[in-house]
Amino acid sequence: MATTAAMAVAGNYYVQPLLPTIGREFDIANTTVALAMTLGQLGYTCGLLFIVPLADLLERRQLVVIMSLVAAVGLAVFGSATSVAVLLPIALLVGTASVLAQLIVLTATALADDAERGRVLGTVSAGLTLGILLARTASGAIGDVYGWRLTYWLAAALMFVQAGVLARVLPRSQETARRLHYRALLRSMPALLRDEPVLRLRVGYGTAMFMSFNLMWTAIVFLLAEPPYAYGADVIGLFGLAGAVGAAASSTTGRLADRGLSAPATGVASLLLFAAWLPLWFGGRSLAALVAGVIILDLGLHVMSVLNMSEILRLRPEARSRLQAAYLICYFVAGGAGSALSALLWTHFGWTAVCVTGATCGAMGGLLWLATCRSPLLSTAHRPVG
């Protein structure tokens with residue numbers, strides 16, 4: 001399941017180190033080519049809204065296999081696009097299909113016992129994180145030598161193979177919400193946000209951190225492609241490996257959640273998400289500082305992500321898909337906004353403006369933690385399970 005999550009989410013991140021290459025091929029501005037990343041995030045959000053809730057209604061294995069096939073087709077068409085008019089709409093489809101990763105997370109946590117759900121979530125999340133990291137590295141390396149299109153053709157072939165493997169080995173799930181109609185499932189998500197204070201709190205953390213994350217990863221591609229760095233797509237892609245520490249921390253973070261230590265761990269993650277922007281700012285002139293900032297920011301994001309999902313999925317077992325969807329819709333709307341804002345800030349104001357905005361997002365998460373960490377209303381979310 002961790003491998004499947006990695007392959008699924010990678011489809012939404014292959015494009016990042018390839019943005020300058022694609023822009024040159026189609027002779028379009030940075031702000032235009034960055035729309036491929038923004039539309040991917042928007043598509044992911046659409047998938048969260050319209051597809052993930054179906055996991056509370058339909059048999060999950062069938063849904064997972066179908067989404068694998070849709071992802072394969074989308075990746076193949078993206079790699080074959082001959083114009084921006086084709087490329088950008090297909091980016092939306094690829095992003096939508098990448099929501100398969102969240103269906104895998106749901107399947108894994110549904111199979112886990114309560115006492116080990118955080119550990120299981122951490123393991124699958126580590127796979128998902130490695131998918132994001134290795135997607136950038138692989139696409140950068142392949143794109144620099146063989147062209148950006150081969151990345152997508154190879155990914156499409158792997159997704160077709162994956163669909164067959166999942167159809168054969170994935171356990172069947174038990175449907176938990178057949179009494180609800182599809183429209184009722186969609187209507188219930190705003191009600192969950194209204195009724196669950198822990199969900200609202202974790203949405204606050206998630207939106208602040210993912211906007212900050214996308215501000216960095218969109219602008220850093222353009223920073224590295226220009227002097228004083230002037231790197232190619234292969235070297236830019238290697239920067240994804242700087243975040244491997246975050247993947248290594250995911251499993252440990254899940255165990256902290258199982259032990260009821262989410263509140264202090266959230267404070268540490270918030271501090272990391274704010275502090276990362278100082279070395280990132282120096283990274284405009286120093287490669288060592290830039291790498292350090294990427295490591296710190298990725299570590300903070302992945303620790304916070306596991307904590308957020310662990311707390312949310314404890315709330316209502318019969319509504320896990322909708323809880324996850326409600327949280328992640330807000331999360332990826334913020335991510336898409338961060339990608340679009342990053343391109344604008346970079347084009348008109350430069351790297352310093354990106355860093356100031358990212359640090360502001362990190363500070364908002366830290367202030368939210370200070371305001372709520374002792375709230376009696378939220379303390380039940382931090383008790384050990386079992």
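So, in segment 73-84, exactly how many residues are free of Cβ contacts under 8 Å to residues at least 60 places away in the same chain and either closer than 20 Å to residue 46 by Cα or surrounded by 24 or more Cβ atoms within 10 Å (Cβ to Cβ) (or both)?
So the count comes out to 1.
Residue-wise test of (1) basic (Lys, Arg); (2) touching a helix residue (DSSP H, G or I) at 6+ places or on another chain (Cβ under 9 Å).
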| residue | (1), (2) |
| --- | --- |
| 104 | no, yes |
| 142 | no, yes |
| 148 | no, yes |
| 163 | no, yes |
| 167 | no, yes |
| 172 | yes, yes |
| 183 | yes, no |
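Consider segment 278-334. How many of its residues are hydroxyl-bearing (Ser, Thr, Tyr) and in contact with a Leu (Cβ under 7 Å, 6 or more places away or on another chain)? Can you show your working first?
Taking segment 278-334 and keeping what is hydroxyl-bearing (Ser, Thr, Tyr), we get 286, 305, 310, 321, 327, 331.
Now restrict to residues that are in contact with a Leu (Cβ under 7 Å, 6 or more places away or on another chain): 310, 321, 327.
Of the residues in that region, 3 qualify.
Candidates are the residues of segment 218-242 that are hydroxyl-bearing (Ser, Thr, Tyr) and in contact (Cβ under 8 Å) with a residue 40 or more places away in the chain; the one that is surrounded by the fewest Cβ atoms within 10 Å (Cβ to Cβ) is 229. For segment 194-221, the set of residues classified as of a type in the set (Asp, Glu) and within 13 Å of residue 333 (Cβ to Cβ) is empty. Among the residues of segment 54-72, those that are under 26 Å from residue 311 (Cα atoms) and either surrounded by 22 or more Cβ atoms within 10 Å (Cβ to Cβ) or at pLDDT below 90 (or both) comprise 54, 55, 56, 57, 58, 59, 60, 61, 64. Please work out if residue 294 is under 16 Å from residue 362 (Cβ atoms) and in contact (Cβ under 8 Å) with a residue 24 or more places away in the chain. So residue 294 passes the test.
For every residue, the table says whether it meets (1) of a type in the set (Phe, Trp, Tyr); (2) buried (at least 23 other Cβ atoms within 10 Å of the Cβ); (3) over 25 Å from residue 66 (Cβ atoms); (4) touching a residue at least 24 places away in the same chain (Cβ under 8 Å).
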| position | (1), (2), (3), (4) |
| --- | --- |
| 131 | no, yes, no, yes |
| 150 | no, no, yes, yes |
| 191 | no, no, yes, no |
| 213 | yes, yes, yes, yes |
| 216 | no, yes, yes, yes |
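When each of 42, 87 is tested for being under 23 Å from residue 185 (Cα atoms) and either at pLDDT below 95 or buried (at least 22 other Cβ atoms within 10 Å of the Cβ) (or both), the lone residue that passes is 42.
Please go through segment 254-283 and pick out each residue that is within 15 Å of residue 357 (Cα to Cα) and aliphatic (A, V, I, L, M). If the condition is that a residue be within 15 Å of residue 357 (Cα to Cα) and aliphatic (A, V, I, L, M), then 273, 275, 276, 278, 280 are the ones that fit.
Output yes when any residue across segment 295-305 is in contact with a helix residue (DSSP H, G or I) (Cβ under 9 Å, 6 or more places away or on another chain) and over 25 Å from residue 98 (Cα atoms), and no when none is. Yes, some residue in segment 295-305 is in contact with a helix residue (DSSP H, G or I) (Cβ under 9 Å, 6 or more places away or on another chain) and over 25 Å from residue 98 (Cα atoms). With respect to (1) crowded, with 19+ Cβ neighbours inside 10 Å; (2) touching a residue at least 60 places away in the same chain (Cβ under 8 Å); (3) not aliphatic (A, V, I, L, M), the lone exception for residue 316 is condition (1).
The values are calculated or read from the model by the stated rules, or taken from the named source; none is laboratory data. These numbers were taken from a predicted model, which means no experiment stands behind them. Cβ: placed from backbone, ideal geometry, glycine included. Neighbour counts: every protein chain shown.
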